[in-house]
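Down below is the structure, laid out as structure tokens.
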Amino acid sequence: AQSVTQLGSHVSVSEGALVLLRCNYSSSVPPYLFWYVQYPNQGLQLLLKYTTGATLVKGINGFEAEFKKSETSFHLTKPSAHMSDAAEYFCAVAYNQGGKLIFGQGTELSVKP
Amino acid sequence: GAVVSQHPSWVICKSGTSVKIECRSLDFQATTMFWYRQFPKQSLMLMATSNEGSKATYEQGVEKDKFLINHASLTLSTLTVTSAHPEDSSFYICRVDGRNTEAFFGQGTRLTVV
């Protein structure tokens with residue numbers, strides 16, 4: 001069965017430091033890949049997605065992610081963390097447009113002043 | 001502005017009563033709606049998928065008689081938790097897909113059964 005693994009349920013960084021949230025998927029075919037952010041007691045907001053084409057994808061709020069097929073990874077990065085980035089982040093995959101989204105376990109990002 | 005409206009954002013109900021949660025697409029017609037459940041500090045678990053005018057497809061282990069889903073129009077889907085019990089307390093989130101649009105999520109509903 002397809003699965004998504006996010007390494008680290010909790011990541012803590014200092015304000016201004018690099019953010020790296022890891023995501024690996026298991027699949028025999030390239031999936032559609034997504035990163036979502038969730039603030040407390042709210043729904044999910046799409047940060048970015050990869051469907052086809054350029055493997056480095058830029059999203060909102062300065063985040064970007066790179067699809068690496070050889071590593072089956074789609075890690076999320078941001079050069080400089082801001083306090084407002086503190087939230088829960090979910091990686092997800094789908095195998096067709098509008099299909100079932102399979103979510104990772106989520107990574108809680110804390111940003112220290 | 002929000003393109004998906006989920007209501008209510010929170011609800012407290014007594015054990016044994018039923019609760020209805022609405023999910024509306026505001027600017028587009030929803031071809032498919034999904035309902036998720038999220039426990040504290042955990043990921044989203046897909047409960048069911050619904051298409052307008054047809055019966056919902058439930059995921060394995062989800063009781064269709066307990067979680068009634070109605071997708072009556074292209075802009076509205078409802079989830080009714082029937083005879084709610086404390087173990088049904090959770091955060092419920094809808095997802096709406098339109099034709100050729102990305103997925104949009106509702107703001108979520110915090111259900112507490114006392």
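Just name the residue that is surrounded by the most Cβ atoms within 10 Å (Cβ to Cβ) out of those in segment A:84-113 that are part of a strand (DSSP E or B) and among the polar types (S, T, N, Q). Of everything passing the filter in segment A:84-113, A:107 is surrounded by the most Cβ atoms within 10 Å (Cβ to Cβ). Looking at this structure, is residue B:59 of a type in the set (D, E, K, R), over 10 Å from the mean Cα position of the chain (by Cα), modelled with pLDDT of 90 or more and closer than 28 Å to residue A:51 by Cβ? Answer is yes for this residue. Filtering segment A:14-62 to residues that are part of a loop (DSSP other than H, G, I, E, B), without any contact (Cβ under 8 Å) to a residue 40 or more places away in the chain and more than 13 Å from chain B (Cβ to nearest Cβ) leaves A:28, A:30, A:52, A:53, A:54, A:55. Looking only at residues in segment A:63-83 that are surrounded by fewer than 18 Cβ atoms within 10 Å (Cβ to Cβ) and closer than 15 Å to residue A:17 by Cβ, the one that is farthest from the other protein chains (Cβ to nearest Cβ) is A:80. Taken over segment B:71-107, the residue count meeting the criterion of being in a loop (DSSP other than H, G, I, E, B), touching a Lys or Arg at 6+ places or on another chain (Cβ under 8 Å), within 11 Å of chain A (Cβ to nearest Cβ) and in contact (Cβ under 8 Å) with a residue 24 or more places away in the chain is 1. When B:30, B:72 are screened for being farther than 20 Å from residue A:106 by Cβ and touching a Cys at 6+ places or on another chain (Cβ under 9 Å), only B:30 passes. Taken over segment B:14-46, the criterion of being without any contact (Cβ under 8 Å) to a residue 40 or more places away in the chain, surrounded by 14 or more Cβ atoms within 10 Å (Cβ to Cβ) and in contact with an Asp or Glu (Cβ under 9 Å, 6 or more places away or on another chain) is satisfied by B:45, B:46.
Take the conditions at pLDDT 95 or above, closer than 19 Å to residue A:106 by Cα and over 11 Å from the mean Cα position of the chain (by Cα) and apply them to residue A:86. Does it pass? It is true that residue A:86 is at pLDDT 95 or above, closer than 19 Å to residue A:106 by Cα and over 11 Å from the mean Cα position of the chain (by Cα). Do we find that residue B:91 is over 14 Å from the mean Cα position of the chain (by Cα) and among the aromatic types (Phe, Trp, Tyr) in this structure? Considered against the rule, which asks whether it is over 14 Å from the mean Cα position of the chain (by Cα) and among the aromatic types (Phe, Trp, Tyr), residue B:91 comes out as no.
The values are calculated or read from the model by the stated rules, or taken from the named source; none is laboratory data. This one's a predicted model, so the numbers in the text were calculated from it and none came from an experiment. We place every Cβ from the backbone using ideal geometry, glycine too, and count neighbours over all the protein chains shown.
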